[in-house]
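This report concerns only the one structure given below.
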Amino acid sequence: CSQARRAGRSLVLGKEEAKERGEGGFVPSGAVAMIRCFLVINNFGKPRLIKFYERLTNEQRQRTIEHAFRLVSKRLDDLCNFVEDGSLFGDDTHVIYRHFATLYFIVVCDKAESELGILDLIQVYVETLDKSFENVCELDIIFNQQKAGLILDQMITGGLVLETNSQEIEKRYKE
């Protein structure tokens, strides 16, 4: 980004790049890929870890948690882990999830985010929890909320993915 600023372009594509891509030259204002929330919910719909990356009222948060759980829990295990649903944050978002044992790991993010990248993010988070708690289970997350949250904070800050290397995340947490 700093190189683009030095070149005088910031978030505007250069004329050559715009011609190649057939675009007007501007990146849409909503083009910054962002995670809206990261939820860990058990099979009964009880939230175990919740991180929202945009301001919502408590009622909106509760509705989001309930809706996301209803959306993913009714799906069969052999279906894909991507769900498009405009009723949460609008048409430009989708829900990506993984179901491990008794927990659903759910991410609501912009469509600009890579679905496979988010699945990988969930996988790395679960692996990091597994290394930290030595075979993680739901009770580990319940009784170690702060540690589970801090590990997630090492990976995602402000809705943007910072780190996906499990060893680096563990190293930073231990510091």
Is it fair to say residue 98 is over 21 Å from residue 148 (Cβ atoms) and of a type in the set (Lys, Arg)?
-> no
Here the residues within segment 105-124 that are closer than 21 Å to residue 137 by Cβ, touching a strand residue (DSSP E or B) at 6+ places or on another chain (Cβ under 9 Å) and assigned to a helix (DSSP H, G or I) are 121, 122, 123
Listed residues 78, 110, 130, 91; which is touching a residue at least 60 places away in the same chain (Cβ under 8 Å) and not β-branched (Val, Ile, Thr)?
-> 110
Cβ-Cβ under 9 Å pairs, at least 6 apart or on other chains, segment 161-175 side farther than 14 Å from residue 132 by Cβ and open to solvent by 100 Å² or more (accessible area, probe 1.4 Å), far side of a type in the set (Val, Ile, Thr) and not in a helix (DSSP H, G or I) | 162/156
Enumeration of residues in segment 132-146 that are open to solvent by less than 80 Å² (accessible area, probe 1.4 Å) and farther than 19 Å from residue 46 by Cα | 132, 133
Does residue 51 qualify as being open to solvent by 30 Å² or more (accessible area, probe 1.4 Å), at pLDDT below 95 and not in a loop (DSSP other than H, G, I, E, B)?
-> no
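The values are calculated or read from the model by the stated rules, or taken from the named source; none is laboratory data. These numbers were taken from a predicted model, which means no experiment stands behind them. Note: ideal-geometry Cβ built from the backbone for every residue, glycine included; neighbour counts use all protein chains shown. Surface areas here come from the heavy atoms of the whole protein model, side chains and all, with no ligands, DNA or RNA. Shrake-Rupley method; radii C 1.70, N 1.55, O 1.52, S 1.80 Å.
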